[in-house]
Amino acid sequence: MKTKLYIWLPVLIWMAVIFTFSSQPDLPSNQIDLLDFIFKKSAHMIEFGVLVFLLSRAYQFTRPASSFLIALSYAFTDEIHQLFVPGRGGKVSDVFIDLLGIIIATKLISRHSGK
């Protein structure tokens with residue numbers, strides 16, 4: 001039991017981090033719109049890339065499709081959650097940006113693990 005907790009706890013903590021960021025009514029922004037856009041969209045890609053890595057690690061790098069699908073499902077639910085946060089809005093375009101991070105991380109993990 002302790003081993004499963006050790007393996008899955010980082011996944012749950014990271015999901016809680018994503019949830020917490022998504023619960024913020026208004027994230028601080030940069031004065032320059034383009035830099036703000038790049039920073040926030042990069043953050044989307046990175047946070048979901050990390051989620052895929054943590055899921056892959058929990059599955060001991062044996063179930064890349066499961067890691068991919070769980071991360072993508074969480075991206076959808078994250079945007080749905082934002083529909084209920086004042087000052088935020090769920091966007092399908094953000095799911096596609098999350099998906100890009102998921103794809104990049106999945107490819108890097110597959111290449112590194114040889115699967």
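The values are calculated or read from the model by the stated rules, or taken from the named source; none is laboratory data. Note that the structure is a prediction, hence the values are computed from the model and not measured. Note that we place each Cβ from the backbone using ideal geometry, even for glycine, and neighbour counts take in every protein chain shown.
Residue by residue, here is whether (1) of a type in the set (Gly, Ala, Ser); (2) in contact with an Asp or Glu (Cβ under 8 Å, 6 or more places away or on another chain); (3) over 18 Å from residue 104 (Cβ atoms) holds:
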site: 3; (1), (2), (3): no, no, yes
site: 7; (1), (2), (3): no, no, yes
site: 21; (1), (2), (3): no, yes, yes
site: 24; (1), (2), (3): no, no, yes
site: 33; (1), (2), (3): no, no, yes
site: 36; (1), (2), (3): no, no, yes
site: 48; (1), (2), (3): no, yes, no
site: 70; (1), (2), (3): no, no, no
site: 74; (1), (2), (3): no, no, no
- Message: Take residue 37 and tell me if it is at pLDDT 90 or above and either surrounded by 12 or more Cβ atoms within 10 Å (Cβ to Cβ) or under 14 Å from the mean Cα position of the chain (by Cα) (or both).
- Response: no
- Residues being surrounded by 12 or more Cβ atoms within 10 Å (Cβ to Cβ) and modelled with pLDDT of 90 or more - total across the stretch 17-32: 6
- Message: If I ask for residues that are of a type in the set (Val, Ile, Thr) and not in a helix (DSSP H, G or I), which ones from the stretch 85-105 would you list?
- Response: 85
- Looking at the stretch 28-79, which of its residues are of a type in the set (Ser, Thr, Tyr) and in contact (Cβ under 8 Å) with a residue 12 or more places away in the chain? 56, 62, 67, 74
- Residues of the stretch 80-98 that turn out to be under 11 Å from the mean Cα position of the chain (by Cα) and free of Cβ contacts under 8 Å to residues at least 40 places away in the same chain, as a count: 1
